[in-house]
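Single-structure report; data block below.
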Amino acid sequence: MEDQRLITIDGPAGCGKSTTVRLLAERLGAIAFSSGTVYRAVTHLVLSDTSSDQLAAMSADERSSTILERIETNEFEIREVMHGDNLELRVFVNGVDPGEVLHSTEVTREVHWIADDGDVRAALLPLQRGITTTVPIITEGRDMGSVVFPQAQVKVFLTASLEARAQRRYDELVGERGEVIDRAAVKEDVAARDRFDRGRAVGPLIEPEGGVVVDSTGMSREQVVELIAGLVPAEWSEACA
Ligand code: DC
């Protein structure tokens, strides 16, 4: 892991991280990893035998030990798989890639039980830190540069104004999914997630030490990718070309 070439991209919801990571990975011949899928995979597993009402009714300690027990008694692995034309790192649970269900509304709604627990976050560190590949890895999340991979050679904190991120989220919900939704409610929802991500006691969203803050407000995705690619040591792309 020490020699692993790593680029970390952290940032709030709706700042365009996943698109940036995908385009950047294509451009650099790197492999993308979305760390949110680790929390989503644990959530999916826990929900297979514990309802969200049961989780909500538990004390924090009880919930913590329930989740930790699931992590210890099941096998989590991060493997390289082909996704379209690109290699991607995906989480496997007991040898199976759970797939799109990790992005279901239910998992998205309940994932905070898993992501906000300090003991659970600590238990999931070795899994994330164990990743090694011959090509550079671009990891995306909230605490990649600050906690999980502080040794990464390139650390980016990607952000955008609340308005820009709310607009992006609104376009996604209305345009792509055809949902009828109130613009002000979307903005408030994004603002609430910000407060929550930044304010939580463990793994809060913060700019990593030695990182570069990229504010994508008013920038095209190509410009963002260009800017970040410019931070990557030249020999990395030469080696991959
Ligand atoms: O990026 P995402 O929507 O897939 O993340 C799912 C959840 O996990 C979200 O609540 C944020 C949380 N998360 C986290 O706490 N730390 C990370 N490194 C990545 C995601």
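The values are calculated or read from the model by the stated rules, or taken from the named source; none is laboratory data. Predicted, not measured: the structure shown is a model, and the values here were computed from it. Using ideal geometry, Cβ is built from the backbone for each residue, glycine included, and neighbour counts are taken over all protein chains shown.
Cβ-Cβ distances below 7 Å connect the following pairs, each with a first residue in segment 109-125 that is more than 14 Å from Ala41 (Cβ to Cβ), a second residue that is in a helix (DSSP H, G or I) and within 11 Å of the ligand (Cβ to nearest atom), and a separation of six or more residues or different chains: Leu125/Val148. Looking across Val135, Val186, one residue alone is in contact (Cβ under 8 Å) with a residue 12 or more places away in the chain, in a loop (DSSP other than H, G, I, E, B) and away from the ligand (no atom under 13 Å from the Cβ). It is Val135. Applying the selection to segment 105-116, what residues are outside any helix (DSSP H, G or I) and more than 27 Å from Thr159 (Cβ to Cβ)? Selection gives nothing.
Taking the numbered list (1) at pLDDT 95 or above; (2) part of a helix (DSSP H, G or I); (3) charged (D, E, K, R) in turn, Glu77 passes all entries but (2). Screening Arg142, Arg121, Arg109 for residues that are closer than 23 Å to Gly199 by Cα, buried (at least 21 other Cβ atoms within 10 Å of the Cβ) and charged (D, E, K, R) leaves exactly one candidate, Arg142. Out of the residues in segment 81-109 that are away from the ligand (no atom under 16 Å from the Cβ) and at pLDDT below 95, state the one that is nearest to Glu26 (Cα to Cα). The extreme case among them is Asn86. Which residues, taken from segment 1-30, are under 17 Å from Ala234 (Cα atoms) and surrounded by fewer than 20 Cβ atoms within 10 Å (Cβ to Cβ)? Across segment 1-30, the qualifying residues are Asp3, Gln4, Glu26, Arg27, Gly29. With respect to (1) under 30 Å from Pro233 (Cα atoms); (2) within 13 Å of the ligand (Cβ to nearest atom); (3) at pLDDT below 95, the lone exception for Phe149 is condition (3). With respect to the conditions (1) in a loop (DSSP other than H, G, I, E, B); (2) under 25 Å from Ala201 (Cα atoms); (3) among the aliphatic types (A, V, I, L, M), Val147 falls short on a single one, namely (1).
The number of residues in segment 191-228 being surrounded by 17 or more Cβ atoms within 10 Å (Cβ to Cβ) and modelled with pLDDT of 90 or more comes to 7. Filtered by the rule that a residue be charged (D, E, K, R), closer than 14 Å to Pro12 by Cα and modelled with pLDDT of 90 or more, segment 154-187 gives Glu163, Arg165, Lys187.
From the list Asp119, Asp61, which one is within 16 Å of the ligand (Cβ to nearest atom), closer than 22 Å to Val202 by Cβ, among the acidic types (Asp, Glu) and in a helix (DSSP H, G or I)? Answer to the check: Asp119. Here Arg70 does not qualify as of a type outside the set (A, V, I, L, M), at pLDDT 95 or above and under 21 Å from Ile9 (Cβ atoms).
Within segment 7-46, the set of residues being in a strand (DSSP E or B) and away from the ligand (no atom under 11 Å from the Cβ) comprises Ile7, Ile31, Ala32.
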